[in-house]
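Only one structure is covered here, and it is reproduced in the block below.
The values are calculated or read from the model by the stated rules, or taken from the named source; none is laboratory data. What you see is a predicted model; the values in this text were computed from it and never measured. Here the Cβ positions follow ideal geometry from the backbone for every residue, glycine too, while neighbour counts run over all protein chains shown. Accessible surface areas use protein heavy atoms only, side chains included; no ligands, DNA or RNA. Shrake-Rupley method; radii C 1.70, N 1.55, O 1.52, S 1.80 Å.
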Amino acid sequence: DQTFRTTREGALSYFVGGNPKYPNDGGFALKGWRDFRIENAAVYLNGTTGTTVGNVILTDKDGKVTTVDKTWTFLKDAKGTVRIMAHHSSLPYLPTSNEKISEAEVLAAQQGWGQALVNIATTYENEGLAVAKKLAGDIIDAAYGYQFGPVLFKPTLATGDQTFRTTREGALSYFVGDNAAYPADGGFALKGWRKVEVKNTAILIDGNTAVTMGNVIMTDKNGAVTKVDKTWTFFKDPKGALRIVSHHSSLPFVPPPAPSPAPVVQPPSQAEIYTALAGGVLVGGILGHLVQ
């Protein structure tokens, strides 16, 4: 019942929040916006009014882009100031893809992920961090589904309260570092990778979703091999592109060594007892008892 904001109070709450009458308002204008672009589909003018329809493209401080469908109606008041009288904003409609994912598409997406890891590593070595970071961001935008919502990403070497990277910023930091908000990130994709092999244990496909489980074996420029356990969930978006929406990676479990068996203590033989008696070892014990 707070969808429409026909009062100044309601509009102000939507943009900056802080009003208990509108408990769901988080402050749309406070989301770190840094750039915007307006692309009108049409502009209709009629005397002192004008109506526009089109898209507004917003970019936040992390480079994330949000596109909205926008309709405005403007009125020129008696003083000549153009004022907004109607403002309708909505997220673009995204039809659900009913196209089934094929196993070949899943395998291609996995191979693409591995090649992307190698490309980021070599770009970093040849062209520096800034270029590698830009490439990593482009790869994340193309391969992951952060534009559709949180991605269930648990990286191999993340820990503490930053174990799970459900935002694009967290994922980018894990792969290339260079983010003070994630001080433990050294840049997993910058570790000199040269080869990535995916070995699936199983692939489950259900309509436009696929889940894979298995191992990823990575080889660096020195020949060192790292093996991780990997589970991915892929989603086919409305444009037919496969997106990673869940990614769990961990080092294989290494069981601790079995404890050494306790030494078996054999009871003394009769000869050992006689020897001990002869040497006086048990005088205070057995002999003393016999004397008593």
**Message:** Averaging the inverse of every distinct alpha carbon separation and then flipping it gives the Kirkwood radius. What is it for region 1-89, in angstrom units?
**Reply:** 14.7 Å
**Prompt:** If you wrap a convex hull around the Cα atoms of the chain, how much volume per residue is inside, in Å³?
**Reply:** 326 Å³
**Message:** Taking the alpha-carbon distance from residue 195 and a cut-off under 19 Å, which lysines remain once sequence neighbours fewer than 8 residues away in the same chain are dropped?
**Reply:** 221, 227, 230
**Prompt:** Using the Cβ atoms and a cut-off under 13 Å, what net charge is assigned to the surroundings of residue 60, where Lys and Arg are +1 and Asp and Glu are -1?
**Reply:** +2
**Asked** Measuring with a 1.4 Å probe in the full set of protein chains, what accessible area per residue, in whole Å², belongs to region 51-156?
**Response** 57 Å²
**Request:** May I ask which residue of 222, 248, 129 lies farthest towards the positive end of the charge dipole of the chain, with charges of +1 (Lys, Arg) and -1 (Asp, Glu) on Cβ and the Cα centre as origin?
**Result:** 129
**Prompt:** Hey, any idea what the orientation-averaged projected area of the convex hull of region 45-92's Cα atoms comes to, in nm²?
**Reply:** 4.2 nm²
**Prompt:** Under unit Cβ charges (Lys, Arg +1; Asp, Glu -1), what dipole magnitude, rounded to 20 debye, does the chain have relative to its Cα centre?
**Reply:** 740 debye
**Fill in**
Ranked output for segments 1-8, 122-129, 167-174, 261-268 by mean other Cβ atoms within 10 Å, highest leading, reads 167-174, 122-129, 1-8, 261-268
**Fill in**
Convex hull around the C-alpha positions of region 112-162: the volume in Å³ per residue is 104 Å³
**Stokes-Einstein D for region 228-279, Kirkwood Rh over Cα pairs, 37 °C, 0.692 mPa s (µm²/s)** = 186 µm²/s
**Asked** In terms of the Cα gyration tensor, with a ≥ b ≥ c the square roots of its eigenvalues, is region 34-140 rounded because a/c is under 1.5, prolate because a/b exceeds b/c, or oblate?
**Response** oblate
**Complete:** Mean 1/r over distinct Cα pairs of region 71-125, inverted to a Kirkwood Rh in Å, yields 16.8 Å
**Message:** Only four residue types carry charge here, +1 at the Cβ of Lys and Arg and -1 at the Cβ of Asp and Glu. Report the dipole size of region 1-144 about the Cα centre in Debye, rounded to the nearest 20.
**Reply:** 840 debye
**Prompt:** Given labels modelled 7 Å from the Cα in the Cβ direction, how far is it in nm from residue 141 to residue 166?
**Reply:** 2.4 nm
**Prompt:** What are the DSSP H helices in the chain that stretch 27 Å or more along their long axis, judged by alpha-carbon atoms, and whose average Kyte-Doolittle hydropathy comes to at least -0.5?
**Reply:** 103-127
**Prompt:** For region 3-65, with only Lys/Arg (+1) and Asp/Glu (-1) charged at the beta-carbon, what is the dipole magnitude about the Cα centre, in debye rounded to 20?
**Reply:** 100 debye
**Fill in**
Shape descriptors of region 131-289 over alpha-carbon atoms, Rg and Dmax in angstrom, are 29.4, 97
**Message:** In whole Hz and in residue order, list the ³J(HN,Hα) couplings for region 32-39 that follow from phi through the Karplus curve 6.51 cos²θ - 1.76 cosθ + 1.60, θ = phi - 60°; x for Gly and Pro.
**Reply:** x, 5, 10, 8, 8, 9, 10, 10
